[in-house]
Amino acid sequence: MSAPSAGNLIVISGPSGAGKTTLLKRLYAECPGLKASVSATTRSPRPGERDGVDYHFLSPEEFERKRQAGEFLESCEVFGRGAWYGTLESEVAPSLAAGKSIVLEIDVQGAMSVLERYPDALTIFVHPGSLDELRRRLSQRGTDSQEAIERRMEVARRELDAADRYRYQVLNDDVARAVREICEIVGSPKV
Ligand code: 5GP
């Protein structure tokens, strides 16, 4: 008997505010067999976010302890100051070993680290449309201060420059189409 086929490791990045959250929600609802990896972070929960569901919310000390213990597949300080984000190996390895596909929604830096460990990962970059559109979405969301928005815009500009390091690029100007596209990509056989 042949061994069970391994699941796909799918890495999705795109500027914060690119509509990724909505897109991913629909992706999980419409594209069967996908599981979301729950990242760890030191940032505070936003209203409505739940520990262990949206993120594992950790104190900086706990995050650092896990980092030192080698529990992260990748981790980095995403906005240059304060908040750390990381993917726990325990979110990823068991799924892959069980032949299940798992989705990591992480930033560019994290995606590149994941590729070092899992070169076959399916990397997908989600484009927000335009930077103006991105600024509009971030302002509309109402969760970030003006300063935070400017910082996110700066990160977005840098991230857009990295888009061609991804295997696939998807334009999120129409959510339904973008979901279909990603669903086709993740359903495609491994190369
Ligand atoms: P937010 O604070 O808006 O939830 O996420 C901010 C950014 O952190 C997003 O661009 C997201 O891709 C990134 N991020 C979330 N989880 C991780 C992670 O585990 N690792 C890395 N490298 N980035 C992450």
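The values are calculated or read from the model by the stated rules, or taken from the named source; none is laboratory data. From a predicted model like this one, the values you see are computed outputs, not experimental measurements. Note that each Cβ is placed from the backbone with ideal geometry, even for glycine, and that neighbours are counted across all protein chains shown.
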Query - Candidate set from the range 135-173 (those that are of a type outside the set (Phe, Trp, Tyr) and assigned to a loop (DSSP other than H, G, I, E, B)); member that is surrounded by the most Cβ atoms within 10 Å (Cβ to Cβ) - result: Asn172
Query raised in the report: Out of curiosity, is Ser101 touching a helix residue (DSSP H, G or I) at 6+ places or on another chain (Cβ under 9 Å) and of a type in the set (S, T, N, Q)?
Result: yes
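Quick check on this structure: which one of Leu58, Leu34 is more than 11 Å from the ligand (Cβ to nearest atom) and either more than 30 Å from Glu147 (Cα to Cα) or exposed (fewer than 13 other Cβ atoms within 10 Å of the Cβ) (or both)? Break it down stepwise before answering.
On the way: Leu58 fails: either more than 30 Å from Glu147 (Cα to Cα) or exposed (fewer than 13 other Cβ atoms within 10 Å of the Cβ) (or both).
The match here is Leu34.
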Report task. Look through the range 91-113, keep the residues that are assigned to a loop (DSSP other than H, G, I, E, B) and within 11 Å of the ligand (Cβ to nearest atom), and return whichever of them is nearest to Ala156 (Cα to Cα). Result -> Asp107
Query raised in the report: When you go through (1) in contact (Cβ under 8 Å) with a residue 40 or more places away in the chain; (2) surrounded by 16 or more Cβ atoms within 10 Å (Cβ to Cβ); (3) not aromatic (Phe, Trp, Tyr) one by one for Ala176, which number turns out not to apply?
Result: (2)
Query raised in the report: Restricting the first residue to the range 2-21 and requiring it to be of a type in the set (Gly, Ala, Ser) and modelled with pLDDT of 85 or more, which pairs with a second residue that is surrounded by 23 or more Cβ atoms within 10 Å (Cβ to Cβ) and in a loop (DSSP other than H, G, I, E, B) meet a Cβ separation below 9 Å and a spacing of at least six or different chains?
Result: Ser13/Ile106; Gly14/Pro128
Report summary line: Among (1) more than 9 Å from the ligand (Cβ to nearest atom); (2) assigned to a loop (DSSP other than H, G, I, E, B); (3) under 30 Å from Arg135 (Cα atoms), Lys25 falls short only on (2)
Report task. Search the range 104-129 for residues that are aliphatic (A, V, I, L, M) and pair each with any residue that is in a helix (DSSP H, G or I) and near the ligand (Cβ under 10 Å from one of its atoms) when their beta-carbon atoms are under 7 Å apart and the residues are at least 6 apart or on different chains. Result -> Leu104/Val114; Val108/Glu159; Ala121/Val114; Val126/Lys20
Requested in this report: Could you identify the single residue in Ala98, Ala83, Ala93 that is over 23 Å from Ala148 (Cα atoms) and either touching a residue at least 40 places away in the same chain (Cβ under 8 Å) or under 16 Å from the mean Cα position of the chain (by Cα) (or both)?
Outcome: Ala98
Query raised in the report: Residues of the range 61-90 being outside any strand (DSSP E or B) and either aromatic (Phe, Trp, Tyr) or within 9 Å of the ligand (Cβ to nearest atom) (or both), which ones?
Result: Phe63, Val78, Phe79, Ala83
Requested in this report: Would you check if there is a residue in the range 141-148 being basic (Lys, Arg) and touching a residue at least 60 places away in the same chain (Cβ under 8 Å)?
Outcome: yes
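Restricted to the range 119-134, and to residues that are of a type in the set (D, E, K, R) and part of a helix (DSSP H, G or I), which residue is farthest from the ligand (Cβ to nearest atom)? Please lay out each step first, then the result.
First pass over the range 119-134, keeping only residues of a type in the set (D, E, K, R): 120, 132-133.
Okay, now just the ones that are also part of a helix (DSSP H, G or I), so 132-133.
Values: Asp132: 19, Glu133: 16 Å.
Residue satisfying both the conditions and the ranking: Asp132.
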Query raised in the report: Is it true that Glu116 is over 21 Å from Pro45 (Cβ atoms), assigned to a helix (DSSP H, G or I) and at pLDDT 90 or above?
Result: yes
